[in-house]
Structure formats: structure tokens, C-alpha cells
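The values are calculated or read from the model by the stated rules, or taken from the named source; none is laboratory data. Quantities reported herein were computed from a predicted structural model and do not represent experimental measurements. Cβ sites come from the backbone with ideal geometry, for glycine too, and all protein chains shown count toward neighbours. Just the protein is used for accessible areas: all its heavy atoms, side chains included, with ligands, DNA and RNA removed. Shrake-Rupley method; radii C 1.70, N 1.55, O 1.52, S 1.80 Å.
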Amino acid sequence: MEMDEQLQKKIERLDELISGSDNIVFFGGAGVSTESGVPDFRSQDGLYHQQYAYPPEEILSHTFYERNPKEFFRFYHDKILAPGQAAKPNRAHLKLAQWTKEGRCRAIITQNIDGLHQAAAREVGAAADNIYELHGSTLRNYCKRCGAFYDVQYMLKHSADGEVPKCDKCGGQIKPDVVLYEEGLDMTTMENAVRAISAADVLIIGGTSLVVYPAAGLIDYYRGSRLVLVNKSATSRDAQADLAISAPIGEVFSRLH
């Protein structure tokens, strides 16, 4: 009971910090989508703790994708595409979309590739052009040879059982528009994220352990005095925050006005 009272006081403090602000920026990681059933990487039930012939880090690398595409797509289909397509926006996604619709949230910067922020925007009737996907999206896929676009449903259908998706126009191999290990982030997306964070009145960082760089370094561009961290476990940056809340982000956001 005492812990819940402490949490409620922190949530009330968060309400105070964001009340009246029309320049909220949110930066989120895998923890934002775990409440929707999308597995993360580092938690006890995350991908790093599951058993495969190769470690997930290796499978999701550019080198592995090039050398062993069948095993790459078997993993990608079963552990990323299928769970992502079954998932629905949760309370955190929907609250952020609501703030966007109200003109209060200027940018949503995400390390996730599941498209749930866009789904939430559609659900509440908000614009989605303020969503910056640092690691790309499973919703976008392109033929490496001719550049033809393919949606996620095509990839889901043609990557089952280790099938390597091929372009039905030229026969080239299709690559998801996601940033694999060994690949660099899109610089335009990074510049937009830096610009938004630098100008933010309130910066809320949620569902991320802040250990994946260069994305985690974006916090250093914040110049304001209302930095909020919301994560199930403590992070190395908690001491820098004006408010740090250790709780599931969906639970916290559902209790905001």
C-alpha cells in the first residue's frame, strides 16, 4: 500500500510537470510495446534469454542477413513479425496519440519497429508525421534489386518456415526497412529527433534501459528542466532526471489526466 501511495504521488507530480505544456517530446524503447505482447530483448522473457542455434544479436546483424537469409527470416518471422502483427496499441501508445491530437506532444521518438505508435494515431484520429523511428519499421520492405515496396502482410506470408521473401517483379531479395546490427541509423531521422529533443519543454523517456547507443545518447541534447524517466527498472540516468518512476509505462500513463 505504501509503495502504491509513493507511485501515485510520483504520477501526480508527472501530471503537474506536463500540465499546460504544448511541447512534450517522448522517447521510448521496447518496454513501451511489451505490454502489447511484443517481446523485448533484455528482460527475463526477452529474446536474449531464448535459445536458438545463434544468439539473437548475431541473427539480427547485417552480416548474418547476407550470409544466412533463411535462418534470419525464420527468426524474424517467428519472433518479430508474427508477435508485432498480433499486437494492439496499449495505454501508453494511446495516451501519446491523444496528446499528439491535442497538439501537446510535438514528437514521438521510438526505438521500436512494430508500427504501434502509428496504429494508435489512426485509432484516435491523430497525425503520425511526428513519429521518428530510429530503427526503422517492419511495415516497410524493399526489393534490394529494383526497390519495389512490399507491406508487412506480404513479408509475413512469404517468410514463414524460413522462406526468403523475393520480389514478384524482378525476383530480387526483399529486405525489411529495419536497422540491423552493424548498420547505421538514418541521419535524417536522427537529426529530426535531436531537433525535437533540443527544443522540448518536457522530455519523457519511457520503456528503455538507455544502454543502446547512439540512440541512448539523445538524452544529452535535452536542455530543459523537466526530464522524466519511466521504466520498470532503474536506469543509469535516473539521478539526472527531475522525476524517475519505476513502473510499467502503460500503468503510469493510464493514471494521467
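This table checks each residue for (1) closer than 25 Å to residue 202 by Cα; (2) at pLDDT below 90; (3) of a type in the set (S, T, N, Q); (4) surrounded by fewer than 20 Cβ atoms within 10 Å (Cβ to Cβ).
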position: 3; (1), (2), (3), (4): no, yes, no, yes
position: 9; (1), (2), (3), (4): yes, no, no, yes
position: 23; (1), (2), (3), (4): yes, no, yes, yes
position: 30; (1), (2), (3), (4): yes, no, no, no
task = Residues being out of contact with any His (no Cβ under 9 Å at 6 or more places or on another chain), open to solvent by 40 Å² or more (accessible area, probe 1.4 Å), of a type in the set (Gly, Ala, Ser) and on the phi < 0 side of the Ramachandran plot: count how many of those fall in segment 100-157.
result = 1
query = Looking at segment 63-70, is at least one residue under 15 Å from residue 29 (Cα atoms), open to solvent by 20 Å² or more (accessible area, probe 1.4 Å) and outside any loop (DSSP other than H, G, I, E, B)?
reply = no
key: Near pairs, Cβ below 9 angstrom, 6+ apart or cross-chain, from segment 142-167 (free of Cβ contacts under 8 Å to residues at least 24 places away in the same chain) to any residue that is aliphatic (A, V, I, L, M) and open to solvent by 20 Å² or more (accessible area, probe 1.4 Å)   = 151/139; 158/164
request  = Considering (1) surrounded by fewer than 18 Cβ atoms within 10 Å (Cβ to Cβ); (2) in contact with a helix residue (DSSP H, G or I) (Cβ under 9 Å, 6 or more places away or on another chain); (3) small (Gly, Ala, Ser), say which one residue 87 fails and leave the rest.
outcome  = (1)
